[in-house]
Amino acid sequence: YSLHIYDQKLTHSEYIGIEDCRYELLTRLLADLPKTGSIIVFNASGGEELRLRELQAYYPQHHDEIEAIIKRIVDFSIPFNLGMVYHVDMAGSYSLKKIIEAIDGNLSYQNLGISQAMNAVDGWRRLNNGNIKTDEKLVDDLLAYCAMDTFSLYLIYQWFLKIGAIKE
């Protein structure tokens with residue numbers, strides 16, 4: 001996971017694991033996430049919420065903690081998908097990559113070692129079949145891709161504030 005946490009300043013936490021790292025991922029996530037505030041995601045039902053629900057099933061002793069996280073999720077894909085927010089440079093696309101390039105022309109996933117979600121999934125699978133210590137470049141590329149996603153959400157949050165789509 002990658003977390004960009006904004007509380008008067010922006011901080012970043014990240015985690016990558018191999019093999020069956022679910023419990024370590026969960027305990028680190030619970031430790032890294034602030035106990036209050038919104039958790040901004042993009043396409044929650046297809047990503048974060050689904051994974052959190054799976055973790056609830058595997059670790060029922062953490063059900064309430066995970067449920068509290070799920071209740072704080074705010075899905076930033078919704079206003080774009082519903083056409084409530086649009087930037088002409090998105091050119092009809094509602095992907096996170098296209099949105100962030102429209103908002104900040106200096107940012108692009110194309111500058112990363114991994115620039116597509118499926119390449120990230122394939123990279124993690126390759127890493128999972130090998131050794132996390134022997135492929136540091138792949139680990140760095142995966143973490144950079146995930147960090148770009150969460151940093152992009154922070155920038156969208158700032159843009160929403162600027163255009164008056166949300167209030168702080």
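The values are calculated or read from the model by the stated rules, or taken from the named source; none is laboratory data. Note that the structure is a prediction, hence the values are computed from the model and not measured. Quick reminder, even Gly has a Cβ in these numbers, built from the backbone with ideal geometry, and neighbours come from all protein chains shown. With ligands, DNA and RNA removed, areas are computed over all heavy atoms of the protein, side chains included. Shrake-Rupley method; radii C 1.70, N 1.55, O 1.52, S 1.80 Å.
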Practice item. Would you confirm whether any residue within region 43-53 is open to solvent by 50 Å² or more (accessible area, probe 1.4 Å), touching a Ser or Thr at 6+ places or on another chain (Cβ under 6 Å) and of a type in the set (S, T, N, Q)? Key: yes
Check your understanding: For residue 89, which of the numbered conditions (1) in contact with a helix residue (DSSP H, G or I) (Cβ under 7 Å, 6 or more places away or on another chain); (2) open to solvent by 40 Å² or more (accessible area, probe 1.4 Å); (3) assigned to a helix (DSSP H, G or I); (4) under 26 Å from residue 21 (Cα atoms) fails to hold?
Key -> (4)
Practice item. Give 106, 129, 81 a once-over and let me know the one that is surrounded by fewer than 14 Cβ atoms within 10 Å (Cβ to Cβ), polar (S, T, N, Q) and in contact with a Phe, Trp or Tyr (Cβ under 7 Å, 6 or more places away or on another chain). Key: 81
Practice item. State all residues of region 100-145 that are within 30 Å of residue 163 (Cα to Cα), in a helix (DSSP H, G or I) and in contact with a helix residue (DSSP H, G or I) (Cβ under 6 Å, 6 or more places away or on another chain); if no residue qualifies, say none. Key: 100, 102, 103, 109, 145
Practice item. Kindly list the number of the only condition in (1) open to solvent by less than 40 Å² (accessible area, probe 1.4 Å); (2) hydroxyl-bearing (Ser, Thr, Tyr); (3) within 17 Å of the chain's Cα centre (by Cα); (4) closer than 19 Å to residue 155 by Cβ that fails for residue 15. Key: (4)
**Study point:** Residues satisfying the stated conditions in region 54-66, i.e. under 18 Å from the mean Cα position of the chain (by Cα) and either surrounded by 16 or more Cβ atoms within 10 Å (Cβ to Cβ) or at pLDDT below 95 (or both)
**Key:** 55, 66
Exercise for review: May I ask you to verify whether residue 69 is on the phi < 0 side of the Ramachandran plot and open to solvent by less than 30 Å² (accessible area, probe 1.4 Å)?
Suggested key: yes
Practice item. Name the single residue, out of those in region 140-168 being β-branched (Val, Ile, Thr) and within 16 Å of the chain's Cα centre (by Cα), that is surrounded by the fewest Cβ atoms within 10 Å (Cβ to Cβ). Key: 150
Check your understanding: Has region 29-50 got any residue that is over 16 Å from the mean Cα position of the chain (by Cα) and in contact (Cβ under 8 Å) with a residue 40 or more places away in the chain?
Key -> no
Review point. Does residue 26 count as hydrophobic (A, V, I, L, M, F, W, C), in contact with a Ser or Thr (Cβ under 7 Å, 6 or more places away or on another chain) and at pLDDT 95 or above?
Key: no
